[in-house]
Amino acid sequence: MDPEVREGLARSWKGLMTVGVLAIFVGCVAILVPAVAAVGTAIFIGWILVVAGAFLVVAAFSAHSIGTVVLRLLWAALTVVVGVWLIVEPHNGTLTLTLVLGIYFLFMGLTRIAVAFVGRGQPNAGLVGLSGVAGLLIGILVLAKFPSSADWAIGLLVGIDLIFAGWTLTSVALVGKDLARGASRS
């Protein structure tokens, strides 16, 4: 391992552990109260879009032709409008996000199954296929229960993702803790 990475992990393991445990806690809350997490996610994505829209406005003026500037400004305006809509109407936003999420999982699952089928006999093709089946099932479940799935789908998936992220961070933090112990013994 790179000495700078070792030193950084040894120095920051407590912060990583704190963020990891916090992510696991918030993930569990999101799973227990998925409707609240879904609305929070819609608002968060809305703010991301508003900030991104502001950057797109600035970037639009770097174009070389007036037509490109106008098209980029339209794109920026659309980004800001969608962001503001998600912030102002987060429940309606969760409906839209859930529909898009269901379609995404459906097509992602079908694509992974096709890739696994084409790559059969190759290393990890079975895992890709299994991932595809899981994605396909999630997509079907979300879309079959739409619009009521908007109350739980986003919050549940965000919660699961936060738990996995927290698990990863705490695992890295434990490596950093071991490195810090080893450095203090030397």
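Spatially, the stretch 129-186 and the stretch 3-67 are offset by 15 Å when compared through their Cα centroids. Helical runs (DSSP H, four residues minimum) scored at -39500 (n - 2.57) apiece and divided by the length of the chain put the mean residue ellipticity at 222 nm at -31000 deg cm²/dmol. Over the C-alpha trace of the stretch 88-165, radius of gyration and Dmax come out as 14.3, 50 angstrom. Here the Karplus curve 6.51 cos²θ - 1.76 cosθ + 1.60, taken at θ = phi - 60°, turns the phi angles of the stretch 90-98 into couplings of x, 5, 5, x, 5, 4, 5, 4, 5 Hz, with x standing for Gly and Pro. Backbone phi angles across the stretch 100-116, fed through the Karplus curve with coefficients 6.51, -1.76 and 1.60 (θ = phi - 60°), yield HN-Hα couplings of 5, 4, x, 5, 4, 4, 4, 6, 4, x, 4, 5, 5, 5, 5, 5, 5 Hz in residue order; Gly and Pro are listed as x. Label reach from ALA52 (point 7 Å along Cα→C-beta): in the stretch 106-129, amide nitrogens under 19 Å belong to 108. Using bins of 5 Å that start at zero, the share of Cα-Cα pairs per bin across the stretch 20-180 amounts to 2, 10, 11, 12, 14, 15, 13, 12, 8, 3, 1, 0, in whole %. Here the spin labels are modelled as points 7 Å beyond Cα on the Cα-Cβ line, and at ARG120 and SER184 they lie 5.6 nm apart.
Here, each number is a calculation from the coordinates, and none is a lab measurement. All of these numbers come straight from a predicted model, not from anything done at the bench. Quick reminder, even Gly has a Cβ in these numbers, built from the backbone with ideal geometry, and neighbours come from all protein chains shown.
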